[in-house]
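Reading through the structure tokens given below for one structure.
The values are calculated or read from the model by the stated rules, or taken from the named source; none is laboratory data. This one's a predicted model, so the numbers in the text were calculated from it and none came from an experiment. Cβ: placed from backbone, ideal geometry, glycine included. Neighbour counts: every protein chain shown. Each accessible area value is taken on the protein alone, full model and side chains, heavy atoms only, with ligands, DNA and RNA left out. Shrake-Rupley method; radii C 1.70, N 1.55, O 1.52, S 1.80 Å.
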Amino acid sequence: MAHDDYSLSRLPAEARRSWVSVAVQRFGQVSAFHQFLLGATLGFGMTFWDAVLAITLGSVMLEIVTILMGIAGVRENVSTSVLARWAGFGARGSALVGLLVTLSLAGWFGVQNEVFAHGLHRLMGGPPVWAWAVLGGIAVTVIVVAGFHTMAWTAYLTVPAFLLLTGWTIVSELQRHDLADLVGMAPPGPALSLAQGTTLVAGAFIMGAVMTPDMTRFNRRPSDVVKQTLISVTLGEYLIGLTGVLLAHAARSADVVGVIMSSSGAIGTLITVTAILKINDWNLYSASLGLVNTVDVLLGRRISRSAATLWLGTLGTLLSALGILGHFTVFLTWVGVITPPVAGIMIAEYFVVRTWRAELESSRARGELPAVSPDWVPASLVCWAAGAAVGFLVPFGIPTINSVVIAFALYAAIGRTAGIMRPPRSPVDTHR
């Protein structure tokens, strides 16, 4: 159970960690290589101050969602997909949530593993790309099988190295330019609007916000969640993101890999590429938790998180080695638009409607989960569809945030006015 990180039960008090241990991992998620790419994309199409505004708007919205999801996670000490059973979706609905998270994050695990492989091949040559993909996939899978403790140590190694690289890049590259000129210059590439820039910021981390309970269940108190979110998201978005903006202005290019390679050489590129490990281990970890819940609900079988990790890691590694996952990025992007309303519904149910809060609180006192859960919650399916439709179809605003807000508002309105009917209880026995 402990080695499995309590994937289908409440995390006991003795298994929880200091907020610093969790914060370093959260910071690793929002300060990895993709954040450099995001900043460079903003800098290539926006002025510095417009990029600051886009990052600010996107980050504030993300932090609100992340903190609320995180507080629910630390209070109940369960993963996102298990919490969804009593936070708006019911058991069968939570299986659907878990399946979407699994498809999305396992897919992105494979895509980023392929990026990792190409990076190492370009840096070191040697074996073909597929061999680097196999090595990278095996490394991440082994880390995730070992669980939260080993993932924390991975963060302790990769995050400081990445921060040192960021500092070195700023000093070595930006000292060649006048900082005031970089801040004041026009964007070197095709213009991005403020709405487009904010959409990029919000969309880049919305899946991280949805899966927050997977991580914050290891915290000890809600204040830990607030501290680590404000520090990690703010520093990650601003420190790494704005560095990318300035580098794009300095190089007049969005190719920050080339800039890093020219300024910090092979060591800098190696650190940048290996930083992918820190976000990719959480992709695989949350995907495995989602799969464990889905199999438990739909098939009535308990599989270990370690076994789920091995299956998903092997499949993702194989597909990345074959080089075919790049063809699935459009599908993964669509899944990413469908998933955000999940956060809106869970927040609305847990904090506003509170249909099942009494059961959660009474069982929490015993260190258990409620003995039974609702099966389906029809209102959540309606709100989910409405939120996703708004995210797809509404031509203004920020699609991911629009979908979260609509799902939240609609579920809260139904729950507070008509009431969420208590649906039939699920035959799934949460104590099995």
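What shape does the stretch 1-145 have by the C-alpha gyration tensor, where a ≥ b ≥ c are the square roots of the eigenvalues, rounded means a/c under 1.5, and otherwise prolate means a/b greater than b/c and oblate the rest? Here the stretch 1-145 falls in the oblate category. Note on the chain: helix-only mean residue ellipticity at 222 nm, from DSSP H runs of 4+ residues weighted -39500 (n - 2.57) and normalised by residue number, equals -23500 deg cm²/dmol. Angle of helix 305-322 to the longest C-alpha principal axis of the chain, folded into 0 to 90 degrees and rounded to 10: 40°. Full extension of the chain between Ala180 and Glu359 gives 58.7 nm of extra length, using 0.36 nm per residue less the Cα-Cα distance. Structure remark: mean-square fluctuation, Gaussian network model of the chain, C-alpha springs under 10 Å; the largest value among Ile55, Ile143, Ile303 belongs to Ile303.
Nearest 10 degrees, 0 to 90: what angle lies between the long axis of helix 33-45 and the longest principal axis of the chain (Cα atoms)? Compared with the principal axis, the helix lies near 60 degrees. With every protein chain in place and a 1.4 angstrom probe, the accessible-area ranking of Tyr285, Tyr238, largest first, reads Tyr238, Tyr285. Taking a sphere under 15 Å around the Cβ of Leu310 and counting the other residues whose Cβ falls inside, with K and R at +1 and D and E at -1, yields a net charge of -2.
By how many nm would the segment from Leu157 to Trp49 lengthen if fully extended, with 0.36 nm per residue of separation less the alpha-carbon distance? Walk me through the numbers before you get to the answer.
Details: separation 108, 0.36 × 108 = 38.88 nm, distance 3.26 nm.
Extending this stretch completely gives an extra 35.6 nm.
Counting only protein heavy atoms and using a 1.4 Å probe, the accessible area of Arg176 comes to about 140 Å².
Using a probe radius of 1.4 angstrom, the carbon and sulfur fraction of the accessible surface of the chain is 71%. Taking every protein chain into account, the accessible area of the chain amounts to 38 square angstrom per residue (probe 1.4 Å).
Compared with the direct C-alpha span, the chain from Ser18 to Leu194 gains 59.6 nm at full extension, assuming 0.36 nm per residue.
Computed with every protein chain present, the accessible area of Thr355 is close to 30 Å² [probe 1.4 Å]. For the chain, the longest principal axis of the C-alpha atoms and the axis of helix 194-210 are separated by about 50°. Using the Cα gyration tensor of the stretch 98-246, with a ≥ b ≥ c the square roots of its eigenvalues, what is the shape: rounded (a/c below 1.5), prolate (a/b larger than b/c) or oblate (neither)? The shape class here is oblate.
Note down the relative contact order for the chain as a percent, whole number, built from C-alpha pairs under 8 angstrom at least six residues apart. All intermediate terms of the calculation are to be shown ahead of the outcome.
Values: 781 pairs, mean separation 140.0, N = 432.
Answer for the chain is 32 percent.
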